[in-house]
Amino acid sequence: MFLGIDYNTWWFLVFGAIITGYAILDGFDLGAGALHLFLKKENSRRIAMNAIGPVWDGNEVWLVIGGGALFAGFPVAYAAVFSAFYLPAFIFLIGLIWRAVAIEFRSKEPGLKWRFTWDFIYSFACIVVTFSLGLMLGNVALGLPLNEKQEFTGNMLTFFNPFSILVAITTLALFVMHGAIFLAMKTENRLYTKLTILAKNFTIFFIISFGLTTLYTLLYVPHMSDRIRSNPAYFIFPMIMFLAIANIPRQLKKAKYRYAFISSSVTIACLLIAVAIEVFPNLLYASNNPAYSITINNAASSPKTMGILLMIALIGTPLVLIYTGFVFWTFKGKVKLDETSY
């Protein structure tokens, strides 16, 4: 126990915080890549790519930490989750690899065909990665069929259910909106003007997608709101989320993109908090038989291990936050192209 909370719950919170940090940080990277082909001019695409150039690989560190946190704290869940999500996780990793390759290779040759090919790969990879993330999140929320040995018993088509597809589309819409707002903060002149239009359009896309997903959830996935309905104190998170969503178009209209970016970040955080509240204490819910679910109790490492891990997290997390803040502070301001640019 630490501060009256058991170690397993603490590590669930740590893992959730890491995943939230990754979604906010790499979310705008992926969103910027997903809308890359909407930028027609070579100079515009170079500026957009250089806007994320100093931070995209650092943002992926949060994903590595998240995988390590799951493996160290909940090894049973790590094995089951990556076995169950083998296909979407494999596609996700391939997408990350091709995104990195496209960013690094694009500027190696001046030819238009060469650059357009890598532009397409870059944008497509970002869309695939984002869609895969949404698909996995949707299936975690909905649950998957597991047997008594906590092994996945479905097939590849199990992942492509209406709810998870809606969550994936909403995730894509959210990240593209998040990325467009970030790029608007980092650009100027004609590109800035174009991105302000894209940010507004993608905000509409997100609001529509979010509305449809919320309606479907209330109608067909009622267990995803049980805990919030039973405990009014949790209503604070959906309320903050809706206020943040409403604030995005308001700040875009005022051209206050920093505040719009903060609101989109809060939206991502509150969405993931709402999912965490509803799935807790499950790490992977067994949709066929709740008794087979993988929870923070039956999947956790030993109490001694969890205690040591928590101490490491208390030391390491501030260091990662300081590093992340330092990078963003160092590369703040509008993007300027030079001979070292992509």
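If I filter segment 123-133 for residues that are open to solvent by 30 Å² or more (accessible area, probe 1.4 Å), at pLDDT 90 or above and over 17 Å from ASP29 (Cβ atoms), do I get at least one hit?
Restricting attention to segment 123-133, the residues satisfying the condition of being open to solvent by 30 Å² or more (accessible area, probe 1.4 Å) are 124, 127-128, 131, 133.
Now narrow it down to the ones that are at pLDDT 90 or above: 124, 127-128, 131, 133.
Filter once more, so that each one left must be over 17 Å from ASP29 (Cβ atoms): none.
Looking for residues that are open to solvent by 30 Å² or more (accessible area, probe 1.4 Å), at pLDDT 90 or above and over 17 Å from ASP29 (Cβ atoms), one finds none in segment 123-133, hence no.
Out of the residues in segment 252-285 that are polar (S, T, N, Q) and modelled with pLDDT of 95 or more, which is farthest from PRO145 (Cα to Cα)? Break it down stepwise before answering.
Restricting attention to segment 252-285, the residues satisfying the condition of being polar (S, T, N, Q) are 263-265, 267, 282.
Narrowing the set further to residues that are modelled with pLDDT of 95 or more leaves 263-265, 267.
Numbers: SER263: 36, SER264: 33, SER265: 32, THR267: 30 Å.
So the residue we want is SER263.
What residue, among those in segment 40-71 that are more than 18 Å from ILE322 (Cα to Cα) and β-branched (Val, Ile, Thr), is most open to solvent (accessible area, probe 1.4 Å)? Spell out how you get there, then give the answer.
Our first condition is that a residue be more than 18 Å from ILE322 (Cα to Cα); within segment 40-71, this holds for 40-53, 67-71.
Next cut, β-branched (Val, Ile, Thr) only: 47, 52.
Working: ILE47: 29, ILE52: 0 Å².
The qualifying residue most open to solvent (accessible area, probe 1.4 Å) is ILE47.
Do any residues in segment 294-313 that are within 13 Å of PHE15 (Cα to Cα) and in contact (Cβ under 8 Å) with a residue 12 or more places away in the chain have Cβ atoms under 6 Å from those of residues that are outside any loop (DSSP other than H, G, I, E, B) and among the polar types (S, T, N, Q), where the two are at least six apart or on different chains, and which pairs are they?
Matching pairs, first to second residue: ILE296/ASN8; ALA300/ASN8.
Just to check your reading of the model, which residue among THR158, THR193, THR153 is touching a Pro at 6+ places or on another chain (Cβ under 6 Å), at negative phi and surrounded by fewer than 20 Cβ atoms within 10 Å (Cβ to Cβ)?
Numbers: THR158 fails: touching a Pro at 6+ places or on another chain (Cβ under 6 Å); THR193 fails: touching a Pro at 6+ places or on another chain (Cβ under 6 Å).
Going through THR158, THR193, THR153 in turn, the sole match is THR153.
In segment 242-264, how many are small (Gly, Ala, Ser) and without any contact (Cβ under 8 Å) to a residue 40 or more places away in the chain? Explain how you work it out, then say what you get.
Just the residues of segment 242-264 that are small (Gly, Ala, Ser), to begin with: 244, 246, 255, 260, 263-264.
Going one step further and asking which of them are without any contact (Cβ under 8 Å) to a residue 40 or more places away in the chain, we end up with 244, 246, 263.
So the count comes out to 3.
Of all residues in segment 256-268, count the ones that are surrounded by fewer than 19 Cβ atoms within 10 Å (Cβ to Cβ) and under 17 Å from ILE18 (Cβ atoms).
So the first thing to find is which residues in segment 256-268 are surrounded by fewer than 19 Cβ atoms within 10 Å (Cβ to Cβ), and the list is 256, 258-259, 262, 266.
This time we only want the ones that are under 17 Å from ILE18 (Cβ atoms), so: none.
Qualifying residue count, segment 256-268: 0.
Checking PHE74 against (1) open to solvent by less than 10 Å² (accessible area, probe 1.4 Å); (2) without any contact (Cβ under 8 Å) to a residue 60 or more places away in the chain, only one condition comes out false. Which one?
Tallying (1) open to solvent by less than 10 Å² (accessible area, probe 1.4 Å); (2) without any contact (Cβ under 8 Å) to a residue 60 or more places away in the chain, PHE74 fails exactly one: (2).
What are the residues in segment 75-104 that are farther than 25 Å from LEU174 by Cβ and modelled with pLDDT of 90 or more, if any?
Filtering segment 75-104 down to residues farther than 25 Å from LEU174 by Cβ leaves 75-80, 83, 86, 101, 104.
Passing the criteria: only VAL101.
The values are calculated or read from the model by the stated rules, or taken from the named source; none is laboratory data. Owing to the predicted nature of the structure, the values given are computational and were not obtained by experimental measurement. We place every Cβ from the backbone using ideal geometry, glycine too, and count neighbours over all the protein chains shown. Note: accessible area is taken over every heavy atom of the protein model, side chains too, but ligands, DNA and RNA are not part of it. Shrake-Rupley method; radii C 1.70, N 1.55, O 1.52, S 1.80 Å.
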